[in-house]
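Since every read-out is calculated from the coordinates, none of them should be taken as a lab result. Only a predicted model underlies this, so the values are computations on that prediction, with no experimental measurement involved. Counting neighbours? That spans all protein chains shown, and the Cβs are built from the backbone with ideal geometry, glycine included.
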Amino acid sequence: MSMHWQELLPADSYLVSSAGLLHDYDRKILTRLYQPLIGPICISLYMTLWSELEENRLWSETSSHYQLMNTIGLKLSDIYEARLLLEGIGLLNVYKKSKNESKEFIYELNPPLSPQQFFTDGMLNIYLYKKIGKAQFNRLKRFFCDDHILTDQYEGVTKSFVEVFSSDHLDSLYVTDEAKNEWKPMPEQQFIDRTEGVEPSGFDDLFDFDLLFAGMKSSIVPKKAFTPKIKSTIAKLAFLYGIDPLEMQKLVMDAVSLDDEIDEEVLRKAARDWYQIERQADMPSLVNRVQPIRERTQKEEPKTQEQELIRHLETISPRERLMQLSGGAEPSSGDLKVVEGVMINQKLNPGVVNVLIEYVMLKTDMKFTKGYVEKLAGHWARLKVSTVVEAMELAKNEHRKYQDWAQGSRNAKGSRKKAIREEVVPEWLEKKEEAQQEQNVDQPELNAQKLELQERWKQWKAGGEMNDGKD
C-alpha cells in the first residue's frame, strides 16, 4: 500500500551520477557492513545503478524506470522502497525535475563510509552489532583490520620536496590570468575526485535543542561548547538510545571538561551507561525507533480523536506502545524480540508496528503471540503498508478476514474456548467503512452506540463472528 505511484512511474526517466570515485573495495563494505542493515534488495539496486555509471564514469546515459524494473527484476514499489532505504542510510542523493506529465530524476551515488568511519560511527556499528551478534561482528572487524606496524624504533629518512627538486628562477614563471583559466575545468564539467562517505542525517530535526538549552545555565555549559559536531552527536545519541532533552541535560553536564568543552567520548559512554540502567539492555535495537518524518501523515494540529491517535502512534516507539498497553510495565524481552523481528525481516515502519501491536493485543485477549504477529506482519509487508493511516484502514477493511484467520488457527490447534475478556475495541477499528461523514449526536446516543459496539465485540469473542446489527 505504498504511495509510490504518486512519486514514481515506470515512464519517468533517470540519470545516475556519483559524488566521487567508487572503488572495488567499496563493494566489500557494502555487502558485508551495509547489507545486514538494509537488505540485499537495496544493495542490488545500488550495484545496478553503479553498473550503469561505470560505462560513462561520473554520469550514465538517460534511462527509464521501466528499463530498471526489467534489469533488476523488481516491481516499481520494491525499487521505490529500496531507494528510500538507500537515501536514509546515506548512500543515495535524489534530485527531481518535473517536465510536462513526467519526471526526471538524478540518482547520485555516495560512496559508503570507510571501515574506520563505520566501526566508529556510534550508531550504524551498534545496529550492526545488534543484528549479527558479537562473534560475526568481531569477525567482520578483523576482516577490515590489518596489523599496525610501529615505527617508533625507526628513523624517518624520507626526503622533502625541496631536497629533491629545485626551481629554475632564470625562466619566467609568470602566468597570465588567461592561462590560469586553463587550469580549471569547463563550467559544465568537474574533476573526477574521491569523496568521503555520507553519514545518515536528519537527527537534528527530531531533537528539541531549545528545550535542552532552556534548562542549562551558560555558566555551567557555555554555548560555545556546542559545536556543530557535538550537536550532531547529541542528536544522534538521543535517537539511538531514546533520550529526551531533559535527560540529555544531565548527561551533557557530566561530560563537560575542565576546559569548558564537551568531551564526545565521555558523552557517548554516559549515554550507553544511561541506556543500560534505564532499559536493562546492552545495546539498543530498532524497537526504539519512531515513525520516519517522511512517512507521517498527521502534520497539522489534530482536530479529532482519531487524528490525535494517529499523531500519537507516529511519535512513539513500539517499545513505548507495548508499555502503554501493559499499564506501564517494561515489555518482556520475548515481546521485544518479536517486534524487532518484524521490523527487520518485514521492513515495517515503527508507526505501522504500533498499529499492529494494538490490533493483535485486542484480538488475542491481550496476548502477544509470535506466530500470529508474524503472520499479520507478513501480510501487511506484502501490501507495502508504510503509514499509520494505511495500517488503520487495512485493519478496518480486513476486520472479518483477520477474525477468520484467528478462528481457523484456534480450530486447527483444537484449543479450548477461553474466558471472555471485556475489552473495548478502539473506535478507529470499529468505525464502519461507509461511515465517512461525522455526525453530531448527543451523549445518550453516543453511549448507546458504545454499548452496542461492546456487545458486538463480546458476541464475536464468544462465537468467533461479529454480527452486523441493523440500525
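When the Cα centres of region 358-400 and region 66-134 are compared, how far apart do they sit, in Å?
27
Report the Cα-based extents of region 203-284 along its three principal axes, largest first, to the nearest Å.
34, 28, 21
Could you sort the peptides 305-314, 116-125 by per-residue average Cβ neighbour count (10 Å cutoff), highest mean leading?
Descending packing order for the listed peptides: 305-314, 116-125.
Would you please report the Å³ per residue occupied by the convex hull of the alpha carbon atoms in region 4-112?
Looking at region 4-112, the number lands at 90 Å³ per residue.
For region 250-385, taking Cα atoms only, what is the radius of gyration to one decimal and the Dmax to the nearest whole Å?
Just the Cα atoms of region 250-385 yield Rg and Dmax of 17.7, 58 Å.
P(r) of region 25-174 in 5 Å steps, Cα pairs, percent per bin?
Whole-percent P(r) values from 0 Å outward: 2, 7, 13, 15, 13, 10, 8, 8, 7, 6, 5, 4, 2, 0.
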